[in-house]
Structure formats: structure tokens, C-alpha cells
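Data block below; observations after.
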Ligand code: ADP
Ligand code: ZN
Ligand code: ZN
């Protein structure tokens, strides 16, 4: 007997143990690991989706073993490598195996079990509905047949005569798209279908790829640039590991504009020469059309692009091109870490310090860990690049775990731009210019007078961050979350940035009926308005979540700015990454303090990274640039060291602080969060879990809490958490794994429990 080991997808009954299912004879040559199947589950006739994770000859289950009912995939959708990865990921992140498998698949292949119970044939819906096909025409007869048919056909049946001529040419050749033929010779589709009925030709459905960047594939290829000495040294080190299939990890510390991307590109070329595949991850917001163009411009259609801006169909098509070995280079955001490349020879992670590499939903993985696993599996080097490496990575380089490569100079030999700090406690600010100091106003004026461009960052969207009554202190809050509502002028509403709740702006205080409702705090919308008042003739583009919701909006804004259609690009941190505009000579930070106020041990690191990144947008080409940073904390070390571009000193100081406070990278951390719609249930549950941790973990583990979440209520649920700090905790794995399985049942009573290894913050 043959059995398949299957992880079933039953949301209310998850487990990490595969079940054995009998493989019926008629499916014997179809069932294979990595394929999705339909099985029945539980007492009734309930059908669910499952993933085959292994095969065995016998079962140790002594009850009635059920059979596999259907196989959904012709080919495995999860390769052997990704199957092994998914198993490790489930263990490492304390997630259910099935959720790791689902995470690896494009949306188009994410089956939902309940849909399988419908009357329709789900195989059709899941697998075929999403693949686009085009009609193709194939000649089915011989040239002699067509000659005979031509003589038989009436002379005035012009379309048929034309079609027979085409068919004669198609004999023995590949099928051609019907649409193309029909257009070329102006033959209506009906002529083709009639001819098909008569047996003159066959109309076949051929798969067709939706190709989001097709136009880039036809551009002339760019040539590799002649390296600087620093680039050459970095390249030489990594290419040795590429050639020798060594699983080394490199940390490339290169200042903004030092030419890291060019090093990546030439290493990718090297990898391809060796016949192996390359994967390059960039942060979602760094995946600008500029970046895609640079990679596609060098390698053309060999490149597949994966990010969340694509439609499900486009993603699925790019995914299939990769899985089928038609695309050998992948550039993508976080989830592209699971790209189904078969033969990885190099993995690059640009801006390795970026927080968007950590997924904040289960499985809560960090893409860096996934890449490290794959690099090891494939005996390939992993190259981490950044101007401001995460403390974790830099500390590993210090210990010799990572090999450190340095590129401290910009390729244009220009120094990094001078940075001035504007102390907003004392700065002159004209009453009408709101949050823009006179110094920044003057700098903007001079820049525009020279015909140059400016980038302005404010890491807060909306118009005002909160609305308050001057009379009684009432603040408008979200009814679903423990958070104040943000004022948005574009929609004239108050909006919650956590749950999307929207309501009208009050004219009268709902609490005391006074009319003294005032707006406080500044967002990008308000700065945009101020800029229009200050510079009525200037072109201003705003880029934030609100202006980039529509597909392609992000690219359109950047293109307009690159084409010189605006003088100022204003935006949230979205504009800090990866942009390379030669005409930008001024960068202004409206408020450097947005992150510093957070009660988070990484606040300084984030601030330093963000200021360095955004400063790097200035003076990238021939014209010198400058940076102005407005702050109410001019003495803060993160701001001062960012001003001096002094990463080394920042690293030293920050490591000292982390050491004092027992924070990462000196300690590992883990956060457990419980949420429930009823506050006392959430609280009770977290205390129970904390007790279990105390009972099971050794006394070298530090347990913080339980505490209420910093935002205690989100989307009508209350959040409670406990944080574990540890160095080498022998009981951690087992304690948490047991907790995962035992807490599973409680999801039915409305509890949600989040396991978060190395959380981005404790709040
Ligand atoms: P980074 O990724 O380190 O910020 P980029 O790769 O974007 O830097 O390079 C900055 C600029 O320098 C780009 O315009 C790039 O085309 C250019 N560049 C890179 N390498 C060289 C080189 N060896 N010679 C001349 N220009 C280069
Ligand atoms: Zn009031
Ligand atoms: Zn809300």
C-alpha cells in the first residue's frame, strides 16, 4: 500500500503533524510531494485542501485511513527545497506548517478549503481560471489538401481563400495566435471558427504570460561599468564564493551612491555565466521602476519581478516563468525570498536593515533568515548590502560570522553632502510657513532658482495628526482602536490608520458642544498646502500611502519628478530609499523626531538609518548637494551622528546602550501577544501563558510583563503581551512549540495568539 503524508488546511484544527492518506490506484502516478490535493476530513463528507509533504509505504494510524480524492496540480507547486524550507520555517517561527506553505505560493494558488465544497469543479477554477490563454491556429491538413480546397472554394469567398493561403504557409509550423492572423489579413474570427468546424484547422488554447515589464525587455542592454577600486575589491571577494559554491555571508557596507547596485549586477552576471540562478531582494518601497529598469536593462527577459504592486495574475505568471526555468534572475520584495528558482548560485539582499523584510503576520519570518537558509541549502554566497547595516548584522561581521566589505566613497568622488541641523526650538519660522523654517524656505528658493530639485521628507501622512477641543480637551478617537484619528483634507474626514474607520470632521465638540475644535500636528497633506502658499509657482508632487493607492501611481509620480515636471518631491519615508535623481541637490527633513518619541529600543537606530538614507538622495551626480534636518532634539546622538555620516561611531555608541539595557544583539528576544474582544479574557490568557513560561524556561531567561500592548486596542480587539529575553535558552523551542499546539484550540473561542521571534519592537 502507498500512503501520502498530508498537511491539511483546516483553519480551526491546525496541527504540524501530517496525516496519512491512502493513494488510490487511479491517482498513483499523480500524487507527489509538493502537490495540492483534495481530501475528506473529519466525520462528515467535508472536503479540504491539503499539501502532500511526503510518501510512505505503511501507516501507523490504526483507525480508518481515508483516501486522496483529487490532485489539483499537474506539477508540484512546492519544490523539494521549498518543502524543506517550509518545515524549518514552521519550527523556527512557531507557525503552522500549512501557513508557511501558503505563504510561499502566489495568491492565485492559495486554495481555500471551503471553496472546494461547491458544486463546481474546483480544479478548473483554481488552476485554469487564473492562467490566461489565447487562441492559436494550427494547420491540420497537408499543402496538397489546401490546394484542393482552394480550387473547390468559390472565388468570391474572399476570406476563406485568404485563410487557405495562410494555412498552406502554416503547414508543419508552430501554431500562430489567431488574433495576429486575423488582424494582419483582416479576416473575421468567424471565418476561423467555421473553418475549424470543417476540419481545415485546429484552434488551440495556448498559455499566455501577463508581462508587467515587457516593454523593458526590448531596450538595448546596458554594458557593465568600469569598477572603482573599492567596487573591484568587493566584487572579487564575493565572486570567489560564487565560483567555488561557498556558503559565505558578506556584509557590504557602502555609503549611499558608492555603487553597490553595480556590484550586485556584475555578480549576478558572473553567476549566470556559471549557469546558476540569482535572487535579489530589495525593500518593497525600494523596488522602484528605476531599480527594475537597471536590472532588466542589463539582463532583459531573464529577469522576473515579484512585488505586491502586481496583480495576482501578473504575479502568478512571473512565478510560473521562474518555476519553469524561463527566468533565472529574480528581483523582488520580501515574499520573493520564496521564489521557486531551482539552482541558486547567489543571493543578494539590498538595504538589509529595512524593517519591511520582517513579515508582521503569521508566519512572522525575517526574509534575511529565509535567505540564509536557502544560501546554505544551495551552497551559495549571501550578500547583504547597506549604508547603515542593522546592529545585528554589523555585530555578526565584528565576530567574523559575516565577511565585511567596505565602500566608503561615492563613485563620483564627491563627498557626501553637508548636513545642517536646524534647531526648531529656536529657529525663525514665519507664521504662514507652518512647519517650514525660514532657513529651509530660503534653501528651497535658491535650489529652484538654479533650476534644481528638492526632496522633502515628513514621516507622517494626512493633514493633522489629531483633532482636539480647546475647551474641554476632547480628542477624536477611533471607536475600534485605542488611537486618535488623523485628519485628511483630501476626503474631508477623520481616519484611523489602523483599521480604516472614517468619520466626518466634527464642527462642534461632541463632549462639551463648544466650537473650539482645533487641528494639531502636521502631516504631508498640510506641508503640501504650505508649500503651495510659500511657492505658488512651484510644482510639488506628494508621495505617501494616500497618493500611491492606485496601481502604478508610485511609478507615475517618480517618472514625473525624474522628467523635471515638478520642483519638489514631498513624501513619507517612501522617498528615502533607492531614488537616484541627478538633479536633486537639496534634501529637507521636516521633522526628524517622528521616530524618536516612540518607546522603542530601536528608535535611535531607525532615526539614524532613515536620516542617512534620505540624505543620500542629494548630490548624486555632478552638482553638489546639501541636507537640512529640522528637529526639536538637536542634541540627540542619532541625529548628530547622521549629520556627520558617522555610522561607525553610531554603531559603537548604540551597541553600548544595547549592552547596558540587555537588548539585542546582546540578547535574543521573543514576543507573545494574546488578543481577544473581551479585555479580561485577553489579560487572563496572557497571565496563564506567562506562568507557563516561568515554569518551563530556565532562570537565565528574562521575562518582561505581561503588559498591555502600547496600543491596547486595535480593530475592536484588546492586546496583551509578554517579552522573553534570552541568550541560550535550552527549553525555549519545546516550551513554545507545546504552547503553539495547545493554544490552537482556543482560536475557536475568539483568542488570537501571535508568536514573534525577534520582534521589530517591544511595543
Ligand atoms: P548605491 O546603490 O550604493 O547607492 P548606485 O549603485 O545607485 O549606488 O550608484 C550610484 C551612481 O553611481 C549610479 O548613478 C551609478 O550608475 C553610478 N556608478 C556606479 N558604479 C559606477 C562606476 N564604476 N563608474 C561610474 N559610475 C558608477
Ligand atoms: Zn469640548
Ligand atoms: Zn481604528
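Quick note: the coordinates plus some simple rules give every number you see, no bench work behind them. Bear in mind that the values here come from a model prediction, so they are computed numbers and not experimental data. Quick reminder, even Gly has a Cβ in these numbers, built from the backbone with ideal geometry, and neighbours come from all protein chains shown.
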With axes computed from alpha carbons, what is the tilt in degrees of helix 679-696 against the longest principal axis of the chain, rounded to the nearest 10 within 0 to 90? 90 degrees
What's the extension gain from residue 58 to residue 533 if we count 0.36 nm per residue and subtract their Cα-Cα distance? 163.3 nm
Simple spin-label estimate for residue 622 and residue 653 in nanometres, 7 Å along Cα-Cβ: 3.8 nm
Report the far tail of the P(r) of the chain, meaning the percent of Cα-Cα pairs longer than 34 Å. 59 percent
Pairs of alpha-carbon atoms within less than 8 angstrom and 6+ residues apart define the contacts here; what relative contact order does the chain have, in percent? 11 percent
Run the simple label-point estimate for residue 215 and residue 513 please: 7 Å along Cα→C-beta, distance reported in nm. 6.0 nm
Between helix 158-170 and the chain: long-axis angle, C-alpha atoms, 0 to 90°, nearest 10: 80 degrees
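Take the alpha carbon gyration tensor of the range 627-763, find the square roots of its eigenvalues, order them as a ≥ b ≥ c, and report rounded if a/c is under 1.5; if not, report prolate when a/b exceeds b/c, else oblate.
oblate
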With r as the distance between the Cβ atoms of residue 398 and residue 635 and R0 = 22 Å, compute the FRET efficiency 1/(1 + (r/R0)^6) and round to 0.05. 0.20
Potential extension, residue 110-residue 680 segment - 0.36 nm per residue separation minus Cα distance: 201.7 nm
Sites residue 553 and residue 445, calculated FRET efficiency, Cβ-Cβ separation with R0 35 Å, nearest 0.05: 0.75
For helix 603-615, what angle does its Cα long axis make with the longest principal axis of the chain, in degrees from 0 to 90 and rounded to 10? 70 degrees
Per-selection Rg to Rh, the range 545-685 - Cα, Kirkwood hydrodynamic radius: 1.08
Given a Förster distance of 60 Å, the FRET efficiency implied by the Cβ-Cβ spacing of residue 425 and residue 749, rounded to the nearest 0.05, works out to 0.70
